[in-house]
Amino acid sequence: MMKDCPKCGAVCNDNAKFCSDCGYSFDTVAGPEPDDTISSGKTADSASKTHGVLRLTYLPAKEKDNSPVEVSLDGDYLGYLECDSTKSFPVDFGKHTIKLENDSITRTKEIEITEQDPLMALRFSMGSQSKKSRSDPVPKKKSKHLVSKILCTVLVLLAAFAQFTTKGTSAPAPRPTSTPKPVTAVQGVDAPAQEAASAQEVTEAPSAVPDRSVSNSGDEAIDEAVIFDQEGIRITAKSIDRSNLFGPELKLLIENDSGTGITVQTRYASVNGYMVETMMSADVANGKKVNSGLVFSNSDLKEAGISTIADMQFCFHIFDANTWDTIIDSRPIDIQTAEAQTYNYTFDNSGVTCYNENGIKIVAKGLAQDTSLFGPSVLVYIENNRSDAITVQVRDVSVNGYMVESMFSSDIAPGKKSIDTITFLGSDLTENGITDISEADMYFHIFNAVSWDAIVDTAPVTLRF
């Protein structure tokens, strides 16, 4: 059965809790429209203080059940998630139990969303990658515009949060951070590539677990300027706003004289040379304009140890709002703040090098227990010194000799760096009686992020901790 959204009129599934077009909550008691300023993070109302966002990415697994997953939180149905897609859900601050279930597999996990970390991004699959061969086709996601649109409208959902019933509880304490267990050796790598990369590119680079503070410590002012003007679409960068709940926001004015309604999103975003996830999806009718914003994820900035923005780079992905046909994918757009003149760019490549060929460098930094809620993770540093964007994944993953499921897929733009994690599923470790990880085996599968053409399958690598 279907039902109409009382706010925008969109047709939604009868058991949906939120409208996929405008974010309206069907559980909301009718009342006044929310204050639009909530979506920009300018107000300090109770709704914005007691809710965060859970973002789930469903990764494919070969020879396993990749059917749609039903997502439940604390026993309440949230919705369905298709394989090879990402979706976001508003969640109260506090501890919760996630249940992921399809026709043959059920997984549960305890999570905690706090005021300090309101955006929680989790990746999972419903099967093992252990039987993947090097001749397998690339399991690269080709995202659908509808899924991307639902994901990126998380900022619009903040406006709907104002109508929720809030809880008068204090924010939980921040999640503790432990020191990663260092990689002591790597086997299966040619001698020239196996050096311990203890020398950083510059001094005072962040450690394997960087400072968790992302408060502004410099001058992030920018000059107002037109940064895109094509196909009748004009985008102006206005300023940087630090008041947004989920991270620093680049304020944008979008003017549309293209002849059709459009949706504007971004791809391949980086800050200070590190890849960073962003949130933005702006709909603009023909002949209209809108004030919008590009939000850079606080959690990714923390992982990279970035407290001050010196420069930003990203590409605009613009498509027809009705047909979802791509209108234009822009060239990389660079914006510098006043801090860029004196900023000391630091990239911590310390650790043990697993691969260093074809303009790509992969360094294992250590084993951490608290970077993912689904299990322990190996922190990795990746450099892409090529002229094309790449995706790095892993295959044939085992821990202490037992095949386990892993979660890892990292996109890196040309000339950029990335801090990411290879996560081992905790339930697989438990099933195999593994309480202490002493070694992990895998190989890296690297391919072009746009064409999906394979670049290299590395030699098998054994990491010892």
Take peptides 284-296, 338-350 and line them up by average Cβ neighbours within 10 Å, highest first, as a rough protection proxy.
284-296, 338-350
Excluding Leu253 itself, what net charge comes from residues whose Cβ is under 13 Å from its Cβ, given Lys and Arg +1 and Asp and Glu -1?
+2
Under a 5 Å amide H to amide H cut-off, with H placed in plane at 1.01 Å, what residues pair with Ile327 once short-range neighbours are removed?
Ile318, Phe319, Asp320
Fully extended, how many nm does the chain gain between Asp388 and Ala221 (0.36 nm per residue separation, minus their Cα-Cα distance)?
57.1 nm
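Please label the shape of the stretch 225-341 as rounded, prolate or oblate, based on the square roots a ≥ b ≥ c of the eigenvalues of the alpha-carbon gyration tensor (a/c under 1.5 means rounded; beyond that, a/b larger than b/c means prolate, else oblate). Before the final figure, lay out the partial values.
Values: a/c = 2.01, a/b = 1.87, b/c = 1.07.
Prolate.
On a 28 Å Cα-Cα criterion, which of the cross-link pairs Lys251/Lys416; Lys238/Lys288; Lys109/Lys302; Lys251/Lys361; Lys302/Lys416; Lys181/Lys416 come out too long?
Lys251/Lys361
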Leu425 neighbourhood, Cβ < 9 Å, K/R = +1, D/E = -1, net charge -1
Taking every pair of alpha-carbon atoms in the stretch 64-119, what share in percent sits in each 5 Å bin, from 0 to the bin with the longest distance?
4, 18, 27, 25, 15, 8, 2, 0
Lys289/Arg464 FRET efficiency (R0 45 Å; Cβ-Cβ; nearest 0.05):
0.20
Net charge contributed by nearby residues that have their C-beta within less than 11 Å of Arg234 (K/R +1, D/E -1)
-3
Nearest-0.05 FRET efficiency for Asp76 and Thr106 at R0 = 22 Å, using Cβ-Cβ distance, is 0.85
Fewest-first ranking of Met403, Met275, Met442, using other Cβ atoms within 10 Å as the exposure measure:
Met403, Met275, Met442
Built amide H within the under 5 Å cut-off of Ser85, gap 5+
Tyr58
Assuming a ≥ b ≥ c are the square roots of the Cα gyration tensor eigenvalues, decide whether the stretch 308-465 counts as rounded (a/c under 1.5), prolate (otherwise, with a/b larger than b/c) or oblate.
prolate
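Every number in this text was worked out from the coordinates using simple rules, so none of it is lab data. The structure presented is a predicted model; accordingly, all values stated were derived computationally and were not measured. Cβ sites come from the backbone with ideal geometry, for glycine too, and all protein chains shown count toward neighbours.
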